[in-house]
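Read the figures in this text as sums done on the coordinates, not as results from a lab. For clarity, every value in this text was computed on a predicted model and none was experimentally measured. FYI the Cβ positions are ideal-geometry reconstructions off the backbone, even for glycines, and counts take in every protein chain you see.
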Amino acid sequence: MDNALPTIEELLPYLPHRPPMIWIDELHQITSNGGSCLVHLKKESHYMDDSGPRSTSAIEWMAQAYGYICAARSHQQNPQSIITPSKAFLVQIRDASFIEPLPESGTLLIELQEKRSLGALSLVTGRVKEYSTGKTLIEAELKLFAE
């Protein structure tokens, strides 16, 4: 696919979240069945508490990353006819493993791979990694709905 990825700002019209609830900072890579996004940890963000990012925020990062990856893929294929979902939500979380605590600062890599898609439902595997080391911190399987 084309290496010129759209910015998060360019994709805002196609997704349900609005600031300050946009927790993905940039698209990193798009593949035919997934991709990755970056989160630059910021102390003032809603996913933080007094001790750093809440580990459960990783589930939201994965879900949002998948939405941005799908919108970016659609944008690359045909920028004039991106379908905007009227509803999108998390249906199920399976096999979530909180392997290591999240760092208080730095950049996280959110990787997603679509395992299956049936109509409005998608089953994806997600991983949150330290960008600098590639170390997996959290992984889960998500079932997502969008129509």
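Details
- Straight-distance crosslink candidates among lysines, where the alpha carbon sits under 29 Å from residue 115 and sequence neighbours closer than 8 are dropped: 87, 129, 135, 143
- Listed by Cβ neighbour count within 10 Å, with the fewest neighbours leading, 48, 21 appear as 21, 48.
- Of the residues 129, 42, the one with the fewest other Cβ atoms within 10 Å heads the list, and the complete ranking is 42, 129.
- Cross-link partners of residue 42 among aspartates and glutamates, defined as those whose alpha carbon lies under 16 angstrom from its own and excluding same-chain residues fewer than eight positions apart: 25, 26, 50, 60, 104, 130.
- Candidates 63, 96, 71: whichever shows maximal mean-square fluctuation once the chain is modelled as a Gaussian network with Cα springs under 10 Å: 96
- Nearest-ten-degree value, helix 57-77 long axis tilted from longest Cα axis of the chain: 30 degrees
- Of 41, 12, the sequence from fewest to most neighbouring Cβ atoms within 10 angstrom is 12, 41.
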